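Report on the structure given below.
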């Protein structure tokens, strides 16, 4: 059996949902941090609307990452379903595969 065949046979949807939410949360945190770091004067040079938006992105990203790693399976599946309704979700799904491969052995032992 090939490695891909083993991956498909052992695929676990709740664990993949965890990796999807953690990846999406990390992307939001990373994007917010990148925007703030690219400002020469720091976050103070941004307008209040941008500050609020970045703060919200960082907060939501942190909530998604924490919930993805530590939330219950039922909550994780509902959140992953609601956060994957757009076409860009396919890109995040591909980015979540390496994290899935890291998390699968850990969460299967539980």
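The values are calculated or read from the model by the stated rules, or taken from the named source; none is laboratory data. No experiment lies behind these values; they were computed from the predicted model shown. Glycine also receives a Cβ, built like all others from the backbone with ideal geometry; neighbour counts cover every protein chain displayed.
Some notes on this structure:
- Every condition in (1) part of a helix (DSSP H, G or I); (2) out of contact with any helix residue (DSSP H, G or I) (no Cβ under 6 Å at 6 or more places or on another chain); (3) under 19 Å from residue 12 (Cβ atoms) holds for residue 95 except the one numbered (2).
- The C-beta contact set for the stretch 69-91 (first residue touching a residue at least 12 places away in the same chain (Cβ under 8 Å) and at positive phi, second residue buried (at least 17 other Cβ atoms within 10 Å of the Cβ) and outside any helix (DSSP H, G or I), distance under 9 angstrom, 6+ apart or interchain) is empty.
- Checking each residue in the stretch 30-44 for being loosely packed, with under 11 Cβ neighbours inside 10 Å and modelled with pLDDT under 80 picks out 37, 38, 40, 41, 42, 44.
- Candidate set from the stretch 55-69 (those that are more than 9 Å from residue 29 (Cα to Cα) and more than 9 Å from the chain's Cα centre (by Cα)); member that is modelled with the lowest pLDDT: 55
- If you go through the stretch 57-76 and keep only what is under 13 Å from residue 22 (Cβ atoms) and loosely packed, with under 13 Cβ neighbours inside 10 Å, you end up with just 70.
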